[in-house]
Amino acid sequence: MNRKISKIVLMVFFALYTSSLCAQMLSVNSEKPQINMFYALPLKNNSSVVQLKVFATDNKGVMGFLLKDENTTTNITEKGWSKNRPVSYQLKEYGIYNLYLWVKDTDGNITGPASCKVNYDPKDSIKPVIEKFECRWSANNEITFDIKCKDNIGVDKYLIKYNCSDGNTWTSQKPSKMYLKNKQEYTFYLWVKDIAGNLSTVCKCKCKCTNK
């Protein structure tokens, strides 16, 4: 009788262990981390060290960061991975740099590269100019922008705010549209900066959103 009970206990234990193991195998994490922020601050006092702003998230946890000045294939064992978020990068000589950032999680999932440009040229102090900034509203709550800018080297980032919004998200892509739910008059403010970090004068335009 005792042997039968022991056999049943062992069978139950084995079944529970097998079930737990299968559950772990089925719950393998394949979700890649996300790089929410990666940009370079303007160089100061002709310094060759660029300060970086980096923020990344993951469903289980960010494990490592890899920063390079070339977009090459990478893997989880490559030399250069660090558990610490990069806060600066040493520029080797004058020129325009493309910096690339990868992030990996605790399960070895790696993001695609995020990039930012840095112009290491102490002589470039010319601010970009916003030549045109217009906005139009359409009945589907879509606001479209017509933007034209110029710079001696090239415009790198754009920032649009409206009314008293606190948004502070620079983007590499020229803003072309925005969706706003409330039908009212909006005042939009635009800044652009070049890869040397020179900031334009703010430019604004107004758009009245109404069904009439």
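The values are calculated or read from the model by the stated rules, or taken from the named source; none is laboratory data. Note that the structure is predicted; figures quoted are calculated from it, not measured. Cβ atoms come from the backbone with ideal geometry, glycine included; neighbour counts cover every protein chain shown. Ligands, DNA and RNA are stripped out before the accessible areas are found, and what is left, the full protein with its side chains, is counted by its heavy atoms. Shrake-Rupley method; radii C 1.70, N 1.55, O 1.52, S 1.80 Å.
Please go through the range 39-64 and give me each residue that is part of a strand (DSSP E or B) and within 14 Å of the chain's Cα centre (by Cα), ordered by number.
Those that are part of a strand (DSSP E or B) and within 14 Å of the chain's Cα centre (by Cα): Tyr39, Ala40, Leu52, Lys53, Val54, Phe55, Ala56, Thr57.
Residue pairs, Cβ under 6 Å, 6 or more apart or interchain, first in the range 84-113 and of a type in the set (Lys, Arg), second open to solvent by less than 30 Å² (accessible area, probe 1.4 Å) and at pLDDT 90 or above. List them.
Pairs found: Arg85/Val54; Arg85/Phe65; Lys104/Gly64.
If you check Leu43 against the conditions, is it of a type in the set (A, V, I, L, M) and either farther than 30 Å from Asn29 by Cα or loosely packed, with under 15 Cβ neighbours inside 10 Å (or both)?
yes
Within the range 145-174, how many residues are open to solvent by 60 Å² or more (accessible area, probe 1.4 Å) and charged (D, E, K, R)?
The total comes to 4.
Show me the strands (runs of 3 or more DSSP E) entirely contained within the range 74-180 in which 1 or more residues are under 20 Å from Ala196 (Cβ atoms) and modelled with pLDDT of 90 or more.
88-90, 95-105, 114-120, 129-137, 142-150, 155-162
Can you tell me how many residues in the range 53-94 are surrounded by 10 or more Cβ atoms within 10 Å (Cβ to Cβ) and acidic (Asp, Glu)?
Adding up the residues that qualify gives 3.
Does Pro113 qualify as being of a type outside the set (Ser, Thr, Tyr), on the phi < 0 side of the Ramachandran plot and more than 14 Å from the chain's Cα centre (by Cα)?
No.
Tally up the residues in the range 95-110 that are buried (at least 18 other Cβ atoms within 10 Å of the Cβ) and either of a type in the set (S, T, N, Q) or over 20 Å from the mean Cα position of the chain (by Cα) (or both), please.
Count: 1.
Find the residue count for the range 128-144, including only residues that are over 14 Å from Lys204 (Cβ atoms) and either without any contact (Cβ under 8 Å) to a residue 60 or more places away in the chain or open to solvent by 40 Å² or more (accessible area, probe 1.4 Å) (or both).
Residues in the range 128-144 being over 14 Å from Lys204 (Cβ atoms) and either without any contact (Cβ under 8 Å) to a residue 60 or more places away in the chain or open to solvent by 40 Å² or more (accessible area, probe 1.4 Å) (or both): 9 in total.
Go through (1) in contact (Cβ under 8 Å) with a residue 40 or more places away in the chain; (2) within 18 Å of the chain's Cα centre (by Cα); (3) open to solvent by 70 Å² or more (accessible area, probe 1.4 Å) and name the single condition Asn36 misses.
For Asn36, the failing item is (1).
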